[in-house]
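Reading through the structure tokens given below for one structure.
Read the figures in this text as sums done on the coordinates, not as results from a lab. Nothing here was measured: the structure is a model prediction, and the numbers come from that model. So basically every Cβ, Gly included, is an ideal-geometry build from the backbone, and we count neighbours across all protein chains shown.
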Amino acid sequence: MYTNATEMLKKAKAGHYAVPQININNLEWIKAALEMAQELNAPIILGVSEGAGKYMCGFKNVADMVKNLIGFMGITVPVALHLDHGSYDACYACMDAGFSSVMFDGSHYPIEENIAKTAELVKVTRERGISLEAEVGSIGGEEDGVVGTGEVADPAECKMIADLGVDMLAAGIGNIHGKYPENWAGLSFEALDAIQQLTGDMPLVLHGGTGIPEDMIRRAIELGVSKINVNTECQLSFAAAVRGYIEAGKDLHGKGFDPRKLLAPGVEAIKASVKEKMTLFGCVGKA
Ligand code: 13P
């Protein structure tokens, strides 16, 4: 069932579990994520960065592909299609293309400008029945070539943005996109606790879900995180599985070069990663 992310995240916050945002890259990714969500009877958010949108030949193509697959595969669990780290203009482009959810990442603007633009988008998304994620304090690591440092958001600024009426709020708590460095200090639960106390029922979003130790994920969910973004982990497991297939020389036997065969281990690997995350996040059976 194609829907926005509002209800699924309200339920997650009240039920003390998290919904995964699985970033998608192509047909195989969408299929794998949808198949596993349906098998585990879990809600899912499919994330699309602006770069991935371009790679998949535009937001309209992505939205159409996701909707068509939901119909073709008979997916009944709630599925939201969400713009990840969008610019102000990309939010409008995705709304027009048929996305059910958008993230406006205004964290690099001065807070006044982030507030003004987010407030405008609250109005528009509400009118159009689309859910909105905002961000305070840039999140470190690499996302489409932009490198940050694992920043921690100011709880007072988080409250200002939350009070605008967004549906979910991403706040930096030392998390980083991509692999975590050896000397990573870990998540700041002190900051998360302060943010959650000031923002109340607001579902909080944890970006950089790849490689965070399980005990930290559980603690973050206890402290109000209701959506966790995972991208790199599925890419790593997909690549490792396809590499294994090729290194074993399977593409050289019979019709092993057929992409439907060659990419199949990768699809299974994405499914296994999604299953692991859904189990850890506690959303199995919550559709
Ligand atoms: P990872 O690539 O670290 O899993 O982060 C994903 C993410 O936060 C997308 O916004």
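Structure data summary
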{"item": "Highest-fluctuation residue, Ile115, Ile44, Ile176 considered, GNM on the chain with Cα pairs under 10 Å", "result": "Ile115"}
{"item": "Separation in nanometres of the label points that stand 7 Å from Cα toward Cβ, at Ser87 and Asp193", "result": "4.0"}
{"item": "Label-point separation, Asn68 to Asn41 (7 Å along Cα→Cβ), nm", "result": "3.1"}
{"item": "Highest-MSF residue in the chain out of Leu236, Leu206, Leu192 [GNM, Cα springs under 10 Å]", "result": "Leu236"}
{"item": "Amide H within-cut-off set for His177, under 5 Å, with H built and near neighbours excluded", "result": "Gly140, Gly141, Glu142"}
{"item": "Net charge of Cβ neighbours under 15 Å - reference Val124; Lys, Arg +1; Asp, Glu -1", "result": "-2"}
{"item": "Highest to lowest packing among 75-85, 121-131, scored as the average C-beta count within 10 Å", "result": "75-85, 121-131"}
{"item": "Residues whose placed amide H lies under 5 Å from that of His85, excluding near-sequence neighbours", "result": "Met103"}
{"item": "Order of His108, His207 under a 10 Å beta carbon neighbour criterion, fewest first", "result": "His108, His207"}
{"item": "Relative contact order of the range 53-130, defined on C-alpha pairs under 8 angstrom at six or more residues apart (%)", "result": "26"}
{"item": "Neighbour-count ranking [beta-carbon atoms within 10 angstrom, fewest first] of Tyr180, Tyr2", "result": "Tyr2, Tyr180"}
{"item": "C-alpha long axis of helix 6-15 to longest principal axis of the chain, angle in °", "result": "80"}
{"item": "Prolate/oblate/rounded label for the range 231-276 (Cα gyration tensor, a/c 1.5)", "result": "prolate"}
{"item": "Relative contact order [Cα under 8 Å, 6+ residues apart], the range 177-264, whole percent", "result": "27"}
{"item": "Ranked Met216, Met168, criterion: other C-beta atoms within 10 Å, fewest first", "result": "Met216, Met168"}
{"item": "Tilt relative to the chain, helix 264-281 - C-alpha long axis, 0 to 90 degrees, to 10", "result": "30"}
{"item": "Neighbourhood net charge (13 Å Cβ-Cβ; Lys/Arg +1, Asp/Glu -1) for Val19", "result": "+3"}
{"item": "Rel. contact order, % - alpha carbon contacts under 8 angstrom, at least six apart, the chain", "result": "22"}
{"item": "Ordering of 15-21, 252-258 by burial proxy (mean other Cβ atoms within 10 Å per residue, highest first)", "result": "15-21, 252-258"}
